[in-house]
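See structure below.
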């Protein structure tokens, strides 16, 4: 609304903004080029959205403007969500006193800092002639205390509108501008560094006698800061000696990222140059959907290191006797005073590591017993790392020592799972062997696995109790079994401490008894350390985590969170809480946060999202993206989302998340919250999540847990779809591997709910095209109780690991996934799954004890809609399908069209389970059903099932060995497979396809190809493709490029194949004689490389063309092998390289990346092969198929083909130089088969 036509005022105000917000030298350029940012721009046309009412009294809206009722208890509004940590800005608004009666001054606008001091406050008062005056005040710290300072009085009109502007710069000036006239005070010393909250309205009536009355009109409120397009950061010296410049150019950068974060806003790019930055980044401003704020590692990933640690240098040997008495077992002892960091809790990480180097991390453990490892060297995992707790101690009782028939190992124990029930305890643990040697353990921390089967991980403090003796301890919090279906009220079945509990104790001075251990004294603020080999710790450059957060996209629940901010390419390491924290509390919100190309190591949480909603529809975290990132070595979870709301539920507090193309690994082994139990990630009440193309491995408990749906219904079955308020989950193209390395009864991916709430039925959830492998789930106590075990000769003993685990949940559609080499079962459905849709269709379950394991929750619950169709069940030791606990009435439960081969291969006489075979059904009310072959089934199942030969492309059918199998078989079907074109187009296809189409629209991710038959009808199993022919040797005449690299001298590598192309040596890589066949080329990571230029012979469109790229390599380091890449941040045509951190072989086509899952820097010859066919690319290592994925967003334009490096910037510069030897480079304009790739490998090996 235009309230006056005085354009002169408008022009004058823009001039004032220039002088107020920017250095004088920028007025002529920056302000003309960049309009100011309106952090607040409010005409109150939509009420008071995004404002907080500071009390419950009346604020009204008039027809034209905001109408504030003045009086003794007048209200005011505060704006919090977008205003945080701003040290220079202008507030503008239009004011009309409207002939109000204001006998004494009132504050009508204020900017406060975090400590509630005013950076300025504007007061309005009436005068004896019926006029009004304004006066600007501020709280100034001149004398050492915060006193109020006053500006001049300024007259304003009574009943007309005035333009008001208040400008400030912290510790510099404050300025009031009324209708173009400025009143400025310089050399101001503020009590606050930043402004955090804007207030508008009557702020205080404390001194108003008599009380004001009338209606004050305020409109067009704007809070403005100066805009800037580019900011530069460079900590050249990696230290506090850096001196900041203006930040506006690369030649005058800021020293800290936070300096830039204080000024960056919509459209700003923060260019962060290589370096180490020891700080927490807290962005002051949000971006917009069209102009996000970008924080960018200018020279790409792994060049900017954000550390939550400091190097501890002031180590001194401990010599006084009193201190040494506290550490009676320390082999040597030093201390450092770290009081300057003001730590309230023990830090998590004491590390030895050189940032940016390829040196391994070494994490030193806090003082503990037993000493199963004195230091953990990352990258050197044990051969049996799935037995993580093997060397922990084991208790021999709960309330007391278990004896006789209480012992599960005793012949008198009839029920090994519960014969010690009366001995278990929630708070007491007995160990007659170890506790007497340790003395009083009060104040220490107990870390234990629950003793029923080792499902839960608990961390709690040991407390002092008069009744405790030397063989027993008491803990502060109850230790219970979370999945106990009998309820914790029944005897001690829910208790978690007792015989067989695996545990260790940490965090007491007396436990410091091995080199490498440390302990922090919170009282004295001293850190004690026993260095390895009695080395002076000052020479070790030890990093200690002293910061809680790396990127903080929240300023506490009172302030709010940021929106539309991108972080790209940063490495975050050593944080005591979260590397990235995003919080939002009603009425605040967050949307459009993107994290790209991050590397996060060593934090309690990698990413933590939390929302507290009060029902306002805009209060939520939405459109959050995490992509192309690596998060590993995390104590609790790599990602956690959680929210709660006050009052009635209206919407999901966290929704629309995109988690794509990431690697998550080594997570959950030191979970700080016992209730989380070591899950890699937990998505609570998940809504509209796209989790695709991720690699999840080496996780303590479940790889990823989707916990609880939100349901607004009292029903537990046949729940209306519109009553299920959360869902639309797409989990696609991921690999879950080597999870459940600490606990049992868990999986690579798990869904869990609670029918009693109810929260057990998920809406429209699709699990499609994922791989689950090497999930073991072993615990000592499960093995002792003979739980999760096969027959007496089986290797599966105490191993409760599942590929996919659906526990007390339904509404999930599982389509075209592969589960391979998971200990207990490939796919497990336990309890309550019959209460909603469950579809298991077109999957492969291979090399487990059970292919599919179905266990019922209640006998009287019939299935609502259960379909197990068109799956391949192959080579499972006991059963293809086991149903445990079913009753005589199957209800709406269909098992049909499945393909069975070689299930039950370990016979009962050879020490296998009872009556192994294709299908076994344990019945509660009638006799069990045993079907060695599916042809014998008589209960109505498998009327169209098949026994036959699958004939996968590369699958060892006779491999019955146990252990981790890093090589992934090729599960594509060959031409003679009995599984081809044998399934029927059932109604369930349309049901699943309809859900997929809805999810395609929601998540913008194509899924239609998974529902298209390549032949007469759909094939069995997970992969529908053109069938592979039988073996044919490679035809060398088909090659376009063959560089044998045998020249031994010169600057040219000649092509032995048909295409007229040559390789040109750049910067003299060296010819050597020790190749795979004859000579080879040696590269020393100094930008030496070979270019073949650009030629149609090797320029392909991966979306349309079939081709194969193959090269032999030998390295102990890393770098690019073969690359056709245009620039650093653009997509690629094809690319083979060895990773700089994990030293795995990687292949990339478009934006799709595969890796070998094992390191290849062993200084031995390896063959890397990339095969692209029908828009999918496959990776082979040493002739063995590793993995395949659809190639998306491919680059088809010309760019140079290089060996030994890759292009960095628009086909000019190079980066990622290789260190090692290359030989025998081949390109075929066709997709070789797995047999042909093997033949290339074998011909050179022979």
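The values are calculated or read from the model by the stated rules, or taken from the named source; none is laboratory data. Predicted model, so just to flag it, every value in this text is computed and none were measured. Note that each Cβ is placed from the backbone with ideal geometry, even for glycine, and that neighbours are counted across all protein chains shown.
Miscellaneous remarks
- Search result, residues across the stretch 849-865 that are surrounded by fewer than 23 Cβ atoms within 10 Å (Cβ to Cβ) and modelled with pLDDT of 75 or more: 855, 863, 864, 865
- Every test in (1) closer than 24 Å to residue 41 by Cα; (2) in a loop (DSSP other than H, G, I, E, B); (3) modelled with pLDDT of 90 or more is passed by residue 136 save one, and that test is (2).
- In the stretch 298-306 there is no residue matching the filter, namely being under 28 Å from residue 169 (Cα atoms), touching a strand residue (DSSP E or B) at 6+ places or on another chain (Cβ under 7 Å) and modelled with pLDDT of 95 or more.
- Of the residues screened, residue 814 is one that is part of a strand (DSSP E or B) and free of Cβ contacts under 8 Å to residues at least 60 places away in the same chain.
- For the condition under 40 Å from the mean Cα position of the chain (by Cα), exposed (fewer than 14 other Cβ atoms within 10 Å of the Cβ) and touching a residue at least 40 places away in the same chain (Cβ under 8 Å), residue 1121 does not qualify.
- Selection from the stretch 299-324 of residues that are under 17 Å from residue 602 (Cβ atoms) and not in a loop (DSSP other than H, G, I, E, B): 304, 305, 306, 307, 309, 310, 311, 312
- Exactly one residue out of 90, 110 is under 27 Å from residue 265 (Cα atoms), at pLDDT 90 or above and in contact with a strand residue (DSSP E or B) (Cβ under 8 Å, 6 or more places away or on another chain), and it is 90.
- Hits in the stretch 163-191 - residues which are within 42 Å of the chain's Cα centre (by Cα) and either farther than 18 Å from residue 141 by Cα or not in a loop (DSSP other than H, G, I, E, B) (or both): 167, 168, 169, 190
- Screening the stretch 792-813 for residues that are out of contact with any helix residue (DSSP H, G or I) (no Cβ under 7 Å at 6 or more places or on another chain) and surrounded by fewer than 20 Cβ atoms within 10 Å (Cβ to Cβ) and picking the one that is farthest from residue 909 (Cα to Cα) gives 795.
- Scan of the stretch 254-294 for residues that are under 22 Å from residue 89 (Cα atoms), in contact with a helix residue (DSSP H, G or I) (Cβ under 9 Å, 6 or more places away or on another chain) and in a strand (DSSP E or B), ordered by number: 254, 270, 281, 293
- Residue 447 meets all of the listed conditions (1) surrounded by 19 or more Cβ atoms within 10 Å (Cβ to Cβ); (2) part of a loop (DSSP other than H, G, I, E, B); (3) at pLDDT 90 or above but one, namely (2).
- Flag for residue 178 being at pLDDT 85 or above and surrounded by 22 or more Cβ atoms within 10 Å (Cβ to Cβ): no
- Strands (runs of 3 or more DSSP E) within the stretch 512-611 that include 3 or more residues within 19 Å of the chain's Cα centre (by Cα) and at pLDDT 95 or above: 549-552, 565-568, 570-585, 594-596
- In this structure, residue 883 does not satisfy being in the same structural domain as residue 809 (by TED's automatic domain parsing), assigned to a loop (DSSP other than H, G, I, E, B) and either surrounded by 18 or more Cβ atoms within 10 Å (Cβ to Cβ) or at pLDDT 90 or above (or both).
- Meets criteria (outside the structural domain of residue 874 (by TED's automatic domain parsing) and touching a strand residue (DSSP E or B) at 6+ places or on another chain (Cβ under 6 Å)) for residue 1020: yes
- The set of residues in the stretch 640-665 that are closer than 12 Å to residue 699 by Cβ and crowded, with 24+ Cβ neighbours inside 10 Å contains only 664.
- Only one entry in 996, 979, 953, 1001 is part of a strand (DSSP E or B) and either in the same structural domain as residue 899 (by TED's automatic domain parsing) or in contact with a strand residue (DSSP E or B) (Cβ under 8 Å, 6 or more places away or on another chain) (or both), namely 953.
- Number of residues in the stretch 1148-1165 that are part of a loop (DSSP other than H, G, I, E, B), closer than 30 Å to residue 1103 by Cα and out of contact with any strand residue (DSSP E or B) (no Cβ under 6 Å at 6 or more places or on another chain) equals 1.
- Residue within the stretch 817-831 that is surrounded by fewer than 24 Cβ atoms within 10 Å (Cβ to Cβ), modelled with pLDDT of 95 or more, under 25 Å from the mean Cα position of the chain (by Cα) and under 23 Å from residue 995 (Cα atoms) present: yes
One line per residue, one yes/no per condition, for (1) within 49 Å of the chain's Cα centre (by Cα); (2) farther than 17 Å from residue 217 by Cα; (3) surrounded by 21 or more Cβ atoms within 10 Å (Cβ to Cβ):
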{"position": "109", "(1), (2), (3)": "yes, no, yes"}
{"position": "117", "(1), (2), (3)": "yes, yes, no"}
{"position": "142", "(1), (2), (3)": "yes, yes, no"}
{"position": "152", "(1), (2), (3)": "no, yes, no"}
{"position": "157", "(1), (2), (3)": "no, no, no"}
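- Matching option when the condition is under 29 Å from residue 807 (Cα atoms) and at pLDDT 90 or above, among 487, 480, 494, 500: 500
- For the stretch 267-276, the set of residues classified as on the phi < 0 side of the Ramachandran plot and surrounded by fewer than 23 Cβ atoms within 10 Å (Cβ to Cβ) consists of 269, 271, 273, 274, 276, listed by residue number.
- Residues within the stretch 933-950 that are without any contact (Cβ under 8 Å) to a residue 12 or more places away in the chain and assigned to a loop (DSSP other than H, G, I, E, B), tallied: 1
- Filtered by the rule that a residue be over 13 Å from residue 835 (Cα atoms), touching a residue at least 60 places away in the same chain (Cβ under 8 Å) and not in a strand (DSSP E or B), the stretch 753-774 gives 769, 774.
- Scanning the stretch 1089-1106 for residues that are at pLDDT 90 or above and crowded, with 22+ Cβ neighbours inside 10 Å yields 1089, 1090, 1092.
- Scan of the stretch 212-253 for residues that are in a strand (DSSP E or B), modelled with pLDDT under 95 and crowded, with 19+ Cβ neighbours inside 10 Å, ordered by number: 216, 217, 218, 219, 220, 221, 223, 224, 225
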